[in-house]
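What follows is a single structure, written as structure tokens, with notes after it.
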Amino acid sequence: MKVRTRTSAIVGTICLLASLGLASAAAKEPVASGSSGQAAKVVLKEVATAKNPSAGTAGPGGSVWIAERAGTVRVLGDSGLGEPVLDISGETTTDGERGLLGIAFDKDFAHFYISFTDLEGTSTVDEFAVRDGKLQPDTRRTVLTQTQPYANHNGGDLRFGPDGYLYIAFGDGGSGGDPHGNGQKLDTLLGKLLRIDPAGGDPYAIPPDNPFVGQAGAKEEIWAYGLRNPWRFSFDSGTGDLLIGDVGQSAWEEIDWAAASSKGGENYGWSQMEGNHPFRDGTEPANHVPPVHEYDRNGLGCSVTGGYVYRGAAITELQGQYVFSDYCDGTVRALQMENGKVTGESDLGVNGGEVVSFAQGGDGELYVLDLGGSISRIDPA
Ligand SMILES: [Ca+2]
């Protein structure tokens with residue numbers, strides 16, 4: 001996520017108008033390639049408005065829960081969002097790229113997790129027990145914290161994998177160009193995707209098959225490394241494959257992928273590499289896992305927002321495609337993929353605004369979260 005200054009808001013508006021132009025052109029002549037051919041025909045149906053929605057997740061009983069960046073969580077109903085079910089607005093700030101940045105349930109909706117930056121800017125993951133679909137405030141506990149050297153690149157997304165473990169994404173610490181080299185360092189949680197078992201210990205246990213367990217000088221929480229700002233990641237609910245949208249420095253936005261069978265330990269390259277390209281005078285690590293998709297900043301945006309592989313029922317021709325967007329340009333796009341190889345890309349011809357996140361409902365349908373306030377479901381046209 002980029003946070004706008006006055007100037008960038010103006011640039012963003014121009015960018016948005018330009019992308020709407022592209023979108024209408026795309027609607028007449030779908031941009032699609034690969035085996036799937038035509039782009040799926042979709043519309044964005046606004047289902048609610050919120051104050052700076054930042055994250056969303058499927059909740060108990062088929063519900064969808066939405067986090068607002070300033071610190072509230074609300075449940076999506078038939079007539080928009082309900083009253084807050086959680087309010088930590090006194091415990092976080094929205095300066096820089098901070099705030100309430102991620103929410104997740106465990107598999108049986110027995111626990112709810114929030115990821116936020118506290119008043120000092122420290123990334124914090126807290127847990128609540130859930131009973132009868134309701135958070136139990138008195139059960140709140142802090143699972144994990146990570147101090148942040150700068151106000152940007154906090155990452156902060158979190159979700160449970162198909163293996164029942166909690167995955168947490170942290171950016172490289174911020175500033176620009178990874179000044180501390182955190183991406184490639186295994187002795188810090190910054191610039192990493194973590195994998196922990198919050199139910200297995202206090203405050204959590206390390207899964208015994210994590211890739212760096214027992215390795216001297218390495219943090220055992222690390223699942224994958226070489227990430228810059230893995231702002232949004234997800235697991236394909238059909239295959240269990242992992243997809244990460246990693247925000248680029250100044251040239252390349254990327255999507256990373258790992259098979260469900262991965263044993264972890266992937267090195268996604270940052271800050272030796274930006275996408276498929278050496279960063280500054282970087283040397284490509286021998287174990288570099290290149291992105292499955294990258295794009296430059298000549299028209300398609302400047303800050304990738306990772307989404308989900310669509311596994312819903314409403315849009316047949318979108319099934320199995322990875323839906324994602326970009327905060328700076330808002331066009332909703334889809335990748336056709338086969339066994340971790342991208343076989344085509346489509347512009348779905350709709351613009352979600354300042355797309356900061358997607359949410360996947362329990363029924364597999366996808367919601368687009370516009371930081372400007374709109375929450376829309378992707379429906380068939
Ligand atoms: Ca990379």
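Give me D for the stretch 314-377 in µm² s⁻¹, whole number, from Stokes-Einstein with Rh from the Kirkwood sum over alpha-carbon pairs, 20 °C and 1.002 mPa s.
This corresponds to a translational diffusion coefficient of 175 µm²/s.
Rounded to whole Å and ordered largest first, report the semi-axes of the equivalent ellipsoid of the stretch 218-269 derived from its Cα gyration tensor (root of 5λ).
After diagonalising the Cα gyration tensor, the semi-axes are 19, 15, 8 Å.
Just to be sure I understand: with springs between alpha-carbon atoms less than 10 Å apart, which residue in VAL43, VAL350, VAL247 has the highest mean-square fluctuation in the Gaussian network model of the chain?
Largest GNM mean-square fluctuation: VAL43.
Counting other Cβ atoms within 10 Å, which trypsin sites (Lys or Arg not before Pro) in the stretch 64-109 have at most 11 and lie in a DSSP loop?
Answer by residue number: LYS107.
So what's the back-of-envelope 222 nm ellipticity for the chain, counting only DSSP H runs of four-plus at -39500 (n - 2.57) apiece and dividing by all residues, rounded to 500?
Computed ellipticity for the chain at 222 nm equals -2000 deg cm²/dmol.
For the chain, what is the largest minus smallest coordinate of the Cα atoms on each principal axis, given in angstrom and ordered from greatest to least?
Dimensions of the chain along the principal axes of its Cα atoms: 56, 52, 42 Å.
Hey, got the dipole for the chain? About the Cα centre, +1 on K and R Cβ, -1 on D and E Cβ, debye to the nearest 20?
In total the dipole reaches around 440 debye.
Skipping prolines and chain starts, which residues have an amide H placed within reach, meaning under 5 Å, of the one on GLY59, given they are 5 or more residues away or on another chain?
Under 5 Å from the amide H of GLY59 lie the amide H atoms of VAL64, TRP65, GLY362, each far enough along the sequence or on another chain.
Can you give the Rg and Dmax of the stretch 88-136 based on its C-alpha atoms, in angstrom?
Computed over the Cα atoms of the stretch 88-136, radius of gyration and Dmax are 11.9, 36 Å.
Pairs LYS185/LYS263; LYS107/LYS341; LYS41/LYS107; LYS41/LYS341; LYS41/LYS192: which are spaced more than 26 Å apart, C-alpha to C-alpha?
LYS107/LYS341; LYS41/LYS107; LYS41/LYS192
Given the Cα atoms of the stretch 249-381, and with Rh set as the inverse mean 1/r over their pairs in the Kirkwood sense, what is Rg to Rh to two decimals?
0.99
Tell me, what does the Kirkwood hydrodynamic radius of the stretch 132-255 come to in angstroms if you use every pair of distinct C-alpha atoms?
Result for the stretch 132-255 stands at 15.3 Å.
When the Karplus curve 6.51 cos²θ - 1.76 cosθ + 1.60 is applied with θ = phi - 60°, which whole-Hz ³J(HN,Hα) does each residue of the stretch 58-75 get, with x for Gly and Pro?
For the stretch 58-75, the Karplus-derived couplings read 5, x, x, x, x, 7, 10, 9, 10, 9, 9, 4, 6, x, 10, 10, 9, 9 Hz, x marking Gly and Pro.
Which of the chymotrypsin sites (Phe, Trp or Tyr not before Pro) found in the stretch 61-122 are in a DSSP loop and have at most 14 neighbouring Cβ atoms, other than their own, within 10 Å?
The qualifying sites: there are none.
Since every read-out is calculated from the coordinates, none of them should be taken as a lab result. Because the structure is predicted, anything quoted here is derived from the model rather than measured. Methodologically, a virtual Cβ is constructed for each residue, glycine included, from the backbone with ideal geometry; neighbour enumeration extends over all protein chains shown.
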